[in-house]
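Data first, discussion second: the structure below is written as structure tokens.
The values are calculated or read from the model by the stated rules, or taken from the named source; none is laboratory data. Because the structure is a prediction, the values reported are computed rather than measured. Neighbour counts are summed over all protein chains in view; Cβ atoms, including those assigned to glycine, are modelled from backbone coordinates with ideal geometry.
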């Protein structure tokens with residue numbers, strides 16, 4: 001049994017050495033802003049880009065190349081390294097994943113891969129959700145939504161698939177559409193600079209999001225929680241729910257559309 005123990009201790013020492021090296025590299029980069037040191041940080045954190053691109057890519061149509069998402073994400077990683085402020089107390093990986101995801105989504109939008117007809121259908125679905133929500137005082141079922149749209153249930157689920165690109169948005173964008181693209185991570189309070197007004201706004205945004213999620217159907221709630229808060233992929237969520245990845249993709253699209261509708265209703269109230 002001595003061999004596994006020795007290996008484990010060696011692994012721990014190796015991991016500690018790597019961590020100490022990264023801390024030293026961050027300190028040196030912060031003082032010098034040397035590009036070669038920045039590039040070393042980019043290489044170290046590059047796996048984050050692949051991870052985030054893979055997660056975003058699982059919610060997109062097959063014609064979207066994950067390699068293109070990775071390329072966009074690298075720009076987000078570089079931006080994160082250059083703008084990261086360790087003194088704010090936020091873990092770099094958390095901050096970087098927000099920036100990487102934001103860069104990928106910005107690139108998707110700039111290429112406008114969503115046809116106008118699909119955007120129009122998305123608005124139709126959101127308006128139907130608003131009407132039914134006001135009438136029923138609850139979240140409508142797929143069958144009720146299909147009836148409101150005068151289409152069949154199978155056609156509605158096919159429509160969810162077409163709306164995938166329109167639903168690939170971060171939850172922080174849903175609660176902060178007017179913040180000029182800043183992420184929820186960037187809006188976290190800085191202990192060194194008190195801003196009670198901003199703090200109240202942030203608390204209210206979080207409350208609105210929590211209220212909107214609580215009103216979702218149980219499966220939608222599970223998908224949102226596992227995808228955005230537990231960092232599971234759509235395939236992994238499918239295994240949890242016992243359904244196919246394509247069905248999870250439909251549920252994710254439906255959940256985001258419903259969240260957007262509910263948050264719009266709250267902002268207008």
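Before moving on, here are some points about what is shown:
- Close pairs from the stretch 27-44: first more than 17 Å from residue 75 (Cα to Cα), partner surrounded by 11 or more Cβ atoms within 10 Å (Cβ to Cβ), Cβ under 7 Å, at least 6 apart: 28/37; 29/37; 29/38; 29/41
- Of the helices (runs of 4 or more DSSP H) lying entirely inside the stretch 53-155, the ones with 2 or more residues being farther than 30 Å from residue 29 by Cβ, free of Cβ contacts under 8 Å to residues at least 60 places away in the same chain and in the same structural domain as residue 254 (by TED's automatic domain parsing) are found at 116-136, 142-149.
- Criterion: under 29 Å from residue 265 (Cα atoms) and either surrounded by fewer than 20 Cβ atoms within 10 Å (Cβ to Cβ) or modelled with pLDDT of 90 or more (or both) - qualifying residue of 36, 72, 110: 110
- Within the stretch 157-166, being crowded, with 19+ Cβ neighbours inside 10 Å and part of a helix (DSSP H, G or I) holds for 159, 160, 164, 165, 166.
- Residues within the stretch 189-236 that are in a helix (DSSP H, G or I), modelled with pLDDT under 75 and exposed (fewer than 11 other Cβ atoms within 10 Å of the Cβ), tallied: 3
- Test for residue 158: is it more than 30 Å from residue 31 (Cβ to Cβ) and touching a helix residue (DSSP H, G or I) at 6+ places or on another chain (Cβ under 6 Å): no
- Any chance residue 124 is more than 17 Å from residue 264 (Cβ to Cβ) and surrounded by fewer than 18 Cβ atoms within 10 Å (Cβ to Cβ): no
- Only one entry in 48, 41 is farther than 23 Å from residue 234 by Cα, in a helix (DSSP H, G or I) and modelled with pLDDT of 85 or more, namely 41.
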